[in-house]
Structures are given as C-alpha cells and as structure tokens.
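Below is one structure; the comments refer to it alone.
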Amino acid sequence: MALIGTIRKNSWLLIVVIGLALAAFVIMDMTGQGGPTAGNLTLVEVDGEKVDFAEMQNSERILYSGGSVDLFSRRNYLYNYYVDRALIGKEAEANGLTVPIPELMDRQFGTNISPLVQARFTDPNTGQVSREQLSGIQQAIQANQLTGQIRDLWAHQEKELISERLTEKLVNMVGKGIYTPTWMVERLNQEQSTRTDFAFVKIPIDEVPESDVAVSDSEIRDYLKNHSSEYERAEESRTIEFASYDVLPTGTDSLNLRDDLATLAAQFRDTENDTIFVENNYGTLDYAYVQKEALSPVIADSIFDRPVGTVYGPYIDPADNSYKAVKLRNRKIIPDSVRCRHILRTVANQVELIAAISKIDSIKELIETGVQTFDSMAVVYSQGSLSVTLNGGDLGWNTNGGYVKPFNDLVFFEAEIGKLYTVGTQFGIHLIEVLESKSDSKTEGVQVAYLNSPIIPSEDTQAEMYDRVLEIVGANRRVEGLRDALQNVDGITLQTSGEFAKNDFTLTALGSGQTSRDIIRWAYEPSTEVGDVSPEVFIYQEPTLYYNNRYVVASLAQINPPGAPVFENVKPAIEGILKAQKRASIVAGEVGSGSLLEIAGRYDTKVDTARGVNFSTDFIAGLGEEPNVAMTANQMILNEVSAPIEGDLGVYVIQPFNRTDPGTTLNIASLRQAFTTQVTNQAKPGVLQSLRKQADINDMRSTYY
C-alpha cells in the first residue's frame, strides 16, 4: 500500500521513464556504430558536416519503398531535408533551442501531432489520424518490439520531427521581432480594402509587327544596368539547343495492330470465359450495366441493340487513340432505385481484414439458418453509421451511382431481392441484403467488355527512327552542321531550353526524369564545350506504355557563369522585352479617344469586365498579371475613361464604374495582428534561405546521379 502511495505521489516519474524509453529508440539510432555513414561517399557537405550518399539511399528506401513518387522529386526532397537539418541544428544549438523528450512524444502520439505524422498515418476512409495505429506503434516501442520497415521509418521520422520542431522555434523567434507600425497598418488596409470594378478593352501589341521596331545594344545595356539584380545568378546555369524527333506509328504499324486485334476479336466472340480471356489479353471488363448514352458514340448505335454475345470491332477509339473490340455480354432492366441494408465490419490492416471476413461469414450463416435476424445482428455487430446501425442496417432508398462502386454494382446489377451477399469496399467488409427495387422507367442497360490495342510504333519503326537520328548525330559534331542538316528535315527545328543548374532534373519542353537528367549531366561534363553536339541520342519513353516516343539530339548553347550576367547571354531576352515595350508604346499612341465600345470596334475586340481589383492584386481575371492596370484602376475617378495603359501583355483602356472603400473606423490592433501574421508566415522560407546564403554548402549530387 505504501508503494502504491509513493507511485501516486511521484506519477511524474512514470512519464519521464516512459519518455526515456521511447527516446532511447532515437538515441540508439543516432549514435549506433557503423552504418551507412561509415563510408566516404559524400553527397553534400554543409559547413563541414557531411551527408553520405548511402545515408540518403537508405532514407529513400525507408520513406519511398513501393511508392509512386518521382525518383528525382523524392531525392530533391531528401537533399533539401539533409541540408536544412544541418543548418537548423547548428543555428538552434547557437540559440540554445532543443526539443525535450515530452515535446517529441507529443508530436508523435499526443494532442499536438506533427503534420508529418498526420500525413503518413491518416486513415484514407475517415480522413482522420489513425490513433489506433499510432497507439499500437507506441506500445511496440515501449515493449521494444518495433521491428522491420516500421522501425526504420520511425527512427528516420523522429529525426525529421526534431528538425521540424527546431525550425518552428527559430521561425517563432524571428516572428517575435516582427512589428507592423500604425502608419503601415493604415496604408496596407487602404490598399487591400479599396476594390474597384472596371470595364476594359485589351488591344494586343501584335497590331505592330516585331520587325517594325529595333533595339540598340546601348538600350539593352541601359536596361541591364537598371535591372542587373534580376539577372545575377547564385550558381552557374546552362542552356541547350535540341532537336526532338517524335516516334510515330506508320501505316503498316497501324494495319498490323488492327489485324492482330481482329484475330483476337474472333476468338473473343467464341470464348466461354470472358473474364479469363480479357485478363489474358489486357482488356477491361466492368460488371456494371450502362445505358446507351454512357457508351462511346463510336459504338453506341452499333452494339447496344445487338444480340448478347455480339463482338464489334476493331474500331478506333479517339479518346485514347487505340483499336478496340467490344463484346456485348448481357442486357437487363436497370433498377431506378433500390432499398437495401448492410452490416459493416471496418478494417485497417490485413489482420483486421481476415477477422472481418470471418465475422461476416459467421453472421451470414446465422441469418441464413434462421438462428438470428438481420436487424438484430446489425445492431450488435455493424460498425457503420450509428443511425443506420440502430435502424437494423437499413440504408433506405438510393439511386444508381449512390454507393461506392463495388457496393453499387452488387445491389443494382447482380443481387437478387432477399439473398445475402458479401462485398469488400474501401470502408471494410459488408454483408448486404436488397429489400426492394423500383424499375418504373424500364431503363435498359448493357454489360460490355473490351479488348484494347494502343496504336503505337512498332519496335522496327522505333529502331529505324533511332538509326536515322544517330546518323545525323554522327555526321554533325557541331551545332552549325546540325542546324544545316535540319534544314532538309520537315517539321524538325532546333529549340532552346530554359536555363538549368548542375543538379536539376527538369528541362523546359522536355519535362523531368532520368533522360532529362542525363542531358543535363552531359551538358556539365568538363569536356563539353559550347556548340558541341551530344554524341548520344537521348531516348524518352512513353510513361505508361513504355515505348520510345521521342529521340532528342542536344547541343550546349550557353554557359552562364555565377554573379553578374554576360551581356551576350542575356541580350536576346532583354531585346524581346524592349521590343515588346516599344510595340506597346506605338499601339498606345495610335489608340486615340472615344468610348470603350468605339475603341473596341476600331480594333475588332470586345469590352470586358474585371471586378474586385485592389492595389495589390497580382492576377486579374481576363488580363493576367498587369500591375499597371491594377494601380491605375484604384486611382481613377469613377466612370472616366483612362488614357491607354501600357501593360506587359497588351495595351489597355479602362473605365472604373464601382469602388468599395475601407471603413473609417479601424480596429488597428486587430489589423496589426493580421498583417504581422502574414509577414510571419513568410518567415520560414526566409529563415532557411538566409541560413543557406550564409553557409558553405558543397553540393556533390551530380557525382552520383
């Protein structure tokens, strides 16, 4: 008894002991001997702290094993995580910030669960954090029984949570130093609360041909001098010119695919087991019955009224550019609505699934043998909605499409009234009985199955195109020769990519992925010089059908060193900007006066309306990003027609017709808090960006991938 009293008086001790037991899990992983960091494969070095490539690979395995996240996206996330963790850890230590064990436990299992944990342990059926799953993990940690992949995940995740929480604390420190003075509160409120509705006419600058304007080098240099910060680079970037050859199916390819599918369609007509035949030949079979209007218009008239067993095709389905053959498997009158009841056993994992199936089978047997009634079993055992459960599982009347698909297909297209059926859905395992159905409209539906053959180039066509491109590459090792060679090739021209950095994995116009990454790596090889043509033909694959759909030849076009821009490198871009400005000025000078309707008539355009535009509006519907228009609209007198406004995308004439002004009575304290919160919310990226700018980061990713 004395022992129990002592424990009660020192209950805080129990919390500490449990916390230490859980934290030991983290500490063991952080201080363990050997491991992947024992090598010298440095991925990145941050102020002397090294991250091993093998460590990142291990984290990638833990977080993304079996996942569908793009390879380079997940590696980019992990790289940034390791860099930020090193920077935040160092800064937090300098400021005396830590994450105590109870705080870490609260982020994992308590009332303040981290967004990271929420994202990874949310029940997809409820949209809520699976407390049951987290509780099981917590108990396993306490009993030292956490093993396998979940153990690795939790060890990595705890480090993520510590870094996340330290980041929050640093941002909060910065936020405490942010203050919005009264004059700024009043000005911001004025800018954001004053909203104007206006009519406008947009006149495209295409009215003036680009060839009608000229820009001198001195004008370009003046512009660059005034906008130099926009063109300065923190790191070297490069651009490529490239020729892209699309690999398209030939007429012979298409004919062969059609003939092959025609042979299969004949077998499809005679097969006794549609399900197996469709599975073996990559087709699709839906057990739902569909009305005529739900079928593709290509086949609706050809198949809907034909006898059961009819096969139609091959035909071309323009929706996905494929040959298809369709078989009419059955037809029936579709109920307009059904009334059914169910008993649901929810599941969260494989063990619960097996238990739920067993329980539903037992309940089904008790009901079918008359030992128990459906409604009594529902009240005791159903884990669905309480109101439905208390009503004996009765779901009432519902129309077709009102349930999740497996449930809906069963009760509308398969189930007989009064019989019991078992079906699994995303919610769990259901025992279902259809009580009544209505078919007043006598709507007929058909059940169909499809064979599918995408119209893609054959291997011979892919190989032939590759050989042609390889021959062009072999004969032209410099871009000048490649440009001359392409003059004789219809539809193929040299395109220019956007700028990319050494560790990027995305190229404008070509997308992201391994092939784009390979091009970037080639462009940064020490032996690659401006004007060189890649010795390799780069192959892009269609992402779902896995055939070669594009061959790319690349040439290094430009090297942009870090720091101040090189005039010749930025000249084309600035020249385009200045030409657009000059064209806008010419258009503005020719607009003249008159009403918006008169101006619209002169330029064969229309009068449109924009609403709710304030001084700070970034994007105006129908106009785009036009800050000059937003500013002018909020300064003009209502109902006056503006002078022509030179914008970035055109020339505009506007006429404000309504304005909402801010009230005269301001709650300065409330507005100050709101504006300060806006700025504070921007602190996190600002803090990390500042730390990165001051740090010595040696990025060696390109050594490995």
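The values are calculated or read from the model by the stated rules, or taken from the named source; none is laboratory data. What you see is a predicted model, and the numbers here were worked out from it, not measured in a lab. Cβ atoms come from the backbone with ideal geometry, glycine included; neighbour counts cover every protein chain shown.
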- Message: Only one of Gly393, Gly418, Gly402 is crowded, with 20+ Cβ neighbours inside 10 Å, touching a strand residue (DSSP E or B) at 6+ places or on another chain (Cβ under 9 Å) and modelled with pLDDT under 95. Can you tell me which?
- Response: Gly393
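Just checking, how many residues over the stretch 299-316 are outside any strand (DSSP E or B) and closer than 19 Å to Arg269 by Cβ? Talk me through it step by step, then tell me what you get.
Keep residues of the stretch 299-316 that are outside any strand (DSSP E or B), which gives 299-310.
Narrowing the set further to residues that are closer than 19 Å to Arg269 by Cβ leaves 299, 302-310.
So the count comes out to 10.
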- Task: Looking only at the stretch 299-319, decide whether some residue is free of Cβ contacts under 8 Å to residues at least 40 places away in the same chain and touching an Asp or Glu at 6+ places or on another chain (Cβ under 9 Å).
- Result: yes
- Tell me which of these Ala319 doesn't satisfy, since it passes every other one: (1) in a strand (DSSP E or B); (2) not assigned by TED's automatic domain parsing to the domain that holds Thr425. (1)
- Query: Which residue pairs have Cβ atoms under 6 Å apart, sit 6 or more places apart or on different chains, and have a first residue in the stretch 156-168 that is modelled with pLDDT under 95 and a second that is hydroxyl-bearing (Ser, Thr, Tyr)?
  - Reply: His156/Ser59
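Give, as residue ranges, the strands (runs of 3 or more DSSP E) completely inside the stretch 504-621 that count at least 2 residues that are closer than 30 Å to Glu207 by Cα and either touching a Gly at 6+ places or on another chain (Cβ under 6 Å) or not assigned by TED's automatic domain parsing to the domain that holds Asn476 (or both).
Values: elements: 538-541, 548-560, 607-613.
Of the strands (runs of 3 or more DSSP E) lying wholly inside the stretch 504-621, those with at least 2 residues that are closer than 30 Å to Glu207 by Cα and either touching a Gly at 6+ places or on another chain (Cβ under 6 Å) or not assigned by TED's automatic domain parsing to the domain that holds Asn476 (or both) span 607-613.
Can you name the helices (runs of 4 or more DSSP H) wholly within the stretch 36-142 that have at least 1 residues being under 18 Å from Ser163 (Cα atoms), touching a strand residue (DSSP E or B) at 6+ places or on another chain (Cβ under 7 Å) and free of Cβ contacts under 8 Å to residues at least 12 places away in the same chain? Walk me through it before giving the result.
Working: elements: 53-64, 71-94, 101-109, 115-120, 131-142.
The qualifying helices (runs of 4 or more DSSP H) are 115-120.
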- Selection from the stretch 571-590 of residues under 25 Å from Arg478 (Cβ atoms) and either of a type in the set (S, T, N, Q) or under 32 Å from the mean Cα position of the chain (by Cα) (or both) yields Ala573
- Those residues of the stretch 529-564 which are buried (at least 17 other Cβ atoms within 10 Å of the Cβ), modelled with pLDDT of 95 or more and touching a helix residue (DSSP H, G or I) at 6+ places or on another chain (Cβ under 6 Å) amount to Val533, Ser534, Val537, Phe538, Tyr540, Asn548, Tyr551, Val553, Ala554, Ser555, Leu556
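Collect the residues in the stretch 611-622 that are among the hydrophobic types (A, V, I, L, M, F, W, C) and under 16 Å from Leu649 (Cα atoms), keeping them in residue-number order. I'd like the intermediate steps shown before the answer.
First pass over the stretch 611-622, keeping only residues among the hydrophobic types (A, V, I, L, M, F, W, C): 613, 615, 619-621.
Matches in the stretch 611-622: Phe619, Ile620, Ala621.
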- Given the conditions (1) more than 30 Å from Tyr381 (Cβ to Cβ); (2) more than 35 Å from the chain's Cα centre (by Cα); (3) among the hydroxyl-bearing types (Ser, Thr, Tyr), and given that Ser437 satisfies all but one, which numbered condition is not satisfied? (1)
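In the stretch 629-654, what residues are in a helix (DSSP H, G or I) and in contact (Cβ under 8 Å) with a residue 24 or more places away in the chain? Even if it seems obvious, please write down each step before you answer.
Initial filter on the stretch 629-654 (in a helix (DSSP H, G or I)): 629-635.
The answer is Val629, Ala633, Asn634.
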- Restricting the search to the stretch 322-343, which residues are in a loop (DSSP other than H, G, I, E, B) and touching a helix residue (DSSP H, G or I) at 6+ places or on another chain (Cβ under 7 Å)? Ile334, Pro335
- Query: Somewhere in the stretch 630-644, is a residue touching a Leu at 6+ places or on another chain (Cβ under 8 Å), surrounded by 13 or more Cβ atoms within 10 Å (Cβ to Cβ) and closer than 30 Å to Ile586 by Cβ?
  - Reply: yes
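Going through Glu219, Glu235, Glu293 one at a time, which residue ends up being more than 35 Å from the chain's Cα centre (by Cα), charged (D, E, K, R) and surrounded by fewer than 18 Cβ atoms within 10 Å (Cβ to Cβ)? First the steps, then the outcome.
Numbers: Glu235 fails: more than 35 Å from the chain's Cα centre (by Cα); Glu293 fails: more than 35 Å from the chain's Cα centre (by Cα).
Answer to the check: Glu219.
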